[in-house]
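Colleague: Below is one structure. I have some questions about it.
No lab work stands behind these numbers, since they all come straight from the coordinates. The structure displayed is predicted, hence computed values, not measured ones. No Cβ is skipped: glycine too gets one built from the backbone with ideal geometry, and neighbour counts run over all protein chains shown.
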Amino acid sequence: MTELAPGAAPSQALTTPPGAATPQVAPGPAAATVASRGFWADAWRRLKRNKAAMMAATVIVLVTLVAFVGPALSPHAFDAIDWENMAVPPGGPNDHWLGTDRLGRDLYVRTLHGVQISLQIGLLATLVSLCIGVTWGATAGYLGGRIDELMMRFVDVLYALPYIFIVIILSTLFERGNIYVLFVAIGAVGWLTMARIVRGQTLSIKRKEFIEAALASGVSTPSILARHIVPNVIGPVIIYATLTIPQMILFESFLSFLGLGVQEPQASLGSLINEGAQEMESAVWMLLVPASFLVTLLTCFNFLGDGLRDALDPRDR
Amino acid sequence: MMRYALRRILGVFPTLFIIITLSFFVIRLAPGGPFDEEQALPPEIKANLEAAYGLDRPLTEQYLRYLSGLVRGDFGPSFKFKDFSVTELIAQGLPISLLLGLSAVALALLVGIPLGTLAALRQNSPTDYGIMGVAVLGIALPSFVTGPLFALVFGLYLRWLPVAGWETGQLRYLVLPVVTLALPVIAYIARLTRGSLLEVLRTNFVRTARAKGLPERQVILKHALRPALLPVVSYLGPATAFVITGSLVVETVFGLPGSGRYLVQGAINRDYTLVMGMIVVYGSLTLTLNLVADLIYGWLDPRVRYD
């Protein structure tokens, strides 16, 4: 995954034959198997104690509020051109609070517009990859044998190509600017690591007594998967999903930065940063405003993900 | 070991073949073609162009032709950069991209490992928190943000280094791109090194080494660090993949004439052969480097079983 974020799982895991052993990507079986009401209460208490994570969560909520409410407070539309005020810096004697771009469009509204797109796409793509990854991994892990081997071999092959290549190939498939469809597609190939994690977890619990009990009382395979396996692997899934959101946000900005994502007059943090980088000699705010929003979002999501990992997987304490 | 290595090496080819086949057909599914310009070409001219490049043939025939060309090292002509073959285009840019990528990985190892070691030895001190805090930032910041910021500070304000551009043999032009590219890798390696060194320091053989009175320096450098670096070695495969994809952005930001930009331009222009060429070259590069990292890992860690 994460060809963009360098936190990719070690490549060894790809090469061990599936079914040989629990892959190392699994963040420890302890997190999921001991899940109970006490576990969640415990995790919440640990999370509350983690100041960085709580602060990050607060900032994310605030930024989200500002992004969706803020544009209505400004008299300007995101694509309206103000001929009187082109490329004016922030804090000038006008109502462009964060200045304007080269075409006189309000940077405050455009940036918040970009944050909206980033957040929506981050969630959308993560949800898609979550659904596919959990289903794929739980099925492969539970059924085992030939099917497992085939399913995980498919994951290995997709893994071998840098993820961003798949993203760029996919971006040629759809009409340019149809960013939501594009990100459903990107989410649809972003489930590889999730599938591995879930498979590892499933392998570690599928011989447990409660599964045997369910089997003995004649529960069908799909409902064993849905009712018994999936709820028990939810811990690592939450951790990884939190870390997937910033990655998807990053992919969107990356594509838009390269001109393959959101198209004019729509704005995305990536396309704004690209415009800003070209103007930075004369108008540095055009780079700094969208860049600081992107950096804030990415850092907060990463801190929150790290905090959740510490809270839900107390192995390292 | 030999059998394991051989099997791994042979395993690369089927993967590469599947990647080539999948991407060939997926790219052709895309609406629009390389000759759809803003001003539509007369149908006869377009038909002639397509015939000249063999695009009027059935897709399977094009595919077989492409494969037989590949075997001979011929990536076909570029549709947009007329007069150039894809082989020529990539061969021009690849050395710069490789120089950029390898320097970044080398820099990341040289800086990341000492930083991680320092943080582990001073666990829970301000030094540790400082290094790890910066590491989170380094991982979170994408290179298309850090790149322009570095160019702004060190190029425009301080005037220490060129903002962008390239002159053959002038390494000054590489400094900012390499640092930009290496930053997240440095951060990640520092975190890996710290984590695994902390684990190793708690093991019995380190305690034994200390107990027999070895100087701390020797305990760390000779005994603890070597097993602690195994995760770093296995991260080298993903790291090179990351650096390769990162070079797409860094080359755009700093105006370097590497080959990374061809992937994006090819995708925008629907230049099928150029995109395919990039996928084949960069795909094999990633596969090879992953393989090398795996083999080194197997050689360093005798516990890896070869079956």
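Colleague: Pop the C-beta distance of residue A:178 and residue B:216 into the FRET formula with R0 = 56 Å and round what comes out to the nearest 0.05. Please report the intermediate quantities before stating the final value.
Modeller: On the way: r = 60 Å, r/R0 = 1.08.
It comes to 0.40.
Colleague: Report the one residue of B:182, B:149, B:110 whose Cα lies farthest in the direction of the positive end of the charge dipole of the protein assembly as shown (charges on C-beta: Lys and Arg +1, Asp and Glu -1; origin at the Cα centre).
Modeller: Going by the charge dipole, the pick is B:110.
Colleague: Kyte-Doolittle cut-off 1.6, length cut-off 20 Å along the helix's own axis using Cα: show which whole DSSP H helices in chain B pass.
Modeller: Working: long enough: B:2-29 (42 Å, 1.47); B:86-121 (50 Å, 1.88); B:126-140 (21 Å, 1.23); B:172-201 (41 Å, 1.35); B:230-254 (34 Å, 1.51); B:272-300 (41 Å, 1.45).
Span-like helices here: B:86-121.
Colleague: Relative to the Cα centre, what is the charge dipole magnitude of chain B, using +1 at the beta carbon of each Lys and Arg, -1 at the beta carbon of each Asp and Glu, and rounding to the nearest 20 debye?
Modeller: Details: 26 positive and 19 negative charges, 361 e Å.
Roughly 1740 debye for chain B.
Colleague: Run through segment A:238-317 and list the GluC sites (Glu not before Pro) located in a DSSP loop whose Cβ has at most 13 other Cβ atoms within 10 Å.
Modeller: On the way: sites: A:252, A:275, A:279, A:281; in loops: A:281.
Within segment A:238-317, the qualifying GluC sites (Glu not before Pro) (loop, at most 13 other Cβ atoms within 10 Å) are A:281.
Colleague: Averaged across B:259-269, how many Cβ atoms of other chains sit within 10 Å of each residue's Cβ atom?
Modeller: Working: counts 0, 0, 1, 0, 5, 7, 2, 2, 11, 7, 1.
Per residue, the average neighbour count from other chains is 3.
Colleague: In debye, nearest 20: dipole of segment A:158-317 around its Cα centre with unit charges on the Cβ of K, R (+) and D, E (-)? Don't skip to the answer; put the middle values down first.
Modeller: Values: 10 positive and 12 negative charges, 193 e Å.
In debye, rounded to 20, segment A:158-317 gives about 920.
Colleague: Under 25 Å between alpha carbons, and skipping anything fewer than 8 positions from residue B:82 in its own chain: which lysines qualify?
Modeller: B:46
Colleague: Based on DSSP loop calls and a cut-off of at most 11 other Cβ atoms within 10 Å, the longest stretch of chain B free of exposed trypsin sites (Lys or Arg not before Pro) is what?
Modeller: On the way: sites that count: B:72, B:82, B:159, B:202, B:212, B:303, B:305.
The longest such stretch corresponds to B:213-302.
Colleague: While we're looking at this one, here's another question. Counting only other chains, what is the mean number of Cβ atoms within 10 angstrom of the Cβ of each residue in peptide A:154-161? The partial results should precede the final answer.
Modeller: Details: counts 1, 0, 2, 7, 4, 4, 10, 12.
The per-residue average across the peptide is 5.
Colleague: Shifting gears a bit: I'd like to know which of A:142, A:165, A:109 lies farthest towards the positive end of the charge dipole of segment A:84-197, counting +1 on Cβ of Lys and Arg and -1 on Cβ of Asp and Glu.
Modeller: A:142
Colleague: Between segment B:177-230 and segment B:97-118, how far is it from one alpha carbon centroid to the other, in angstrom?
Modeller: So the two Cα centres are separated by 16 Å.
Colleague: Across bins of 20 angstrom width beginning at 0, how are the C-alpha pair distances of the protein assembly as shown distributed, in whole percent?
Modeller: Percent of Cα pairs in each bin: 17, 52, 28, 3, 0.
Colleague: As a check on your grasp of the helix formula, calculate [θ] at 222 nm for chain B: sum -39500 (n - 2.57) over DSSP H runs of n ≥ 4, divide by the residue count, round to the nearest 500.
Modeller: Numbers: 12 runs with 216 residues, N = 307.
Computed mean residue ellipticity for chain B: -24000 deg cm²/dmol.
Colleague: Applying a 10 Å radius around every beta-carbon, put B:48-55, B:250-257 in order of their mean neighbour count, most first. Show your work: numbers first, answer last.
Modeller: On the way: B:48-55: 14.4, B:250-257: 21.6.
In descending order of packing, they fall as B:250-257, B:48-55.
Colleague: Quick one: Cα centre-to-centre distance for segment A:220-278 and segment B:129-165, in angstrom?
Modeller: The distance from the Cα centre of segment A:220-278 to that of segment B:129-165 comes to 24 Å.
Colleague: Which semi-axis lengths, in whole Å and largest first, follow from the square roots of five times the eigenvalues of the Cα gyration tensor of chain B?
Modeller: Values: eigenvalues 395, 136, 38 Å².
Equivalent ellipsoid semi-axes, largest first: 44, 26, 14 Å.
Colleague: Give the residues of segment B:109-123 whose amide nitrogen is closer than 20 Å to a point set 7 Å from the Cα of residue A:52 in the direction of its Cβ.
Modeller: Under cut-off, by backbone N: B:112-123.
Colleague: Could you list B:286, A:202 so that the one with the fewest beta carbons within 10 Å of its beta carbon is first and the one with the most is last? Walk me through the numbers before you get to the answer.
Modeller: Numbers: B:286 24, A:202 28.
Fewest to most other Cβ atoms nearby, the residues stand as B:286, A:202.
Colleague: Where the only charges are on Cβ atoms (+1 Lys, Arg; -1 Asp, Glu), what is the dipole of segment A:97-182 about its Cα centre, to the nearest 20 debye?
Modeller: Details: 6 positive and 6 negative charges, 46 e Å.
Dipole magnitude for segment A:97-182 comes out near 220 debye.
Colleague: Additional query: How about segment A:66-164: which trypsin sites (Lys or Arg not before Pro) there lie in a loop by DSSP and see at most 15 other Cβ atoms within 10 Å?
Modeller: On the way: sites: A:102, A:105, A:110, A:146, A:153; in loops: A:102, A:105.
When the trypsin sites (Lys or Arg not before Pro) of segment A:66-164 are filtered for loop state and at most 15 Cβ neighbours within 10 Å, A:102 remain.
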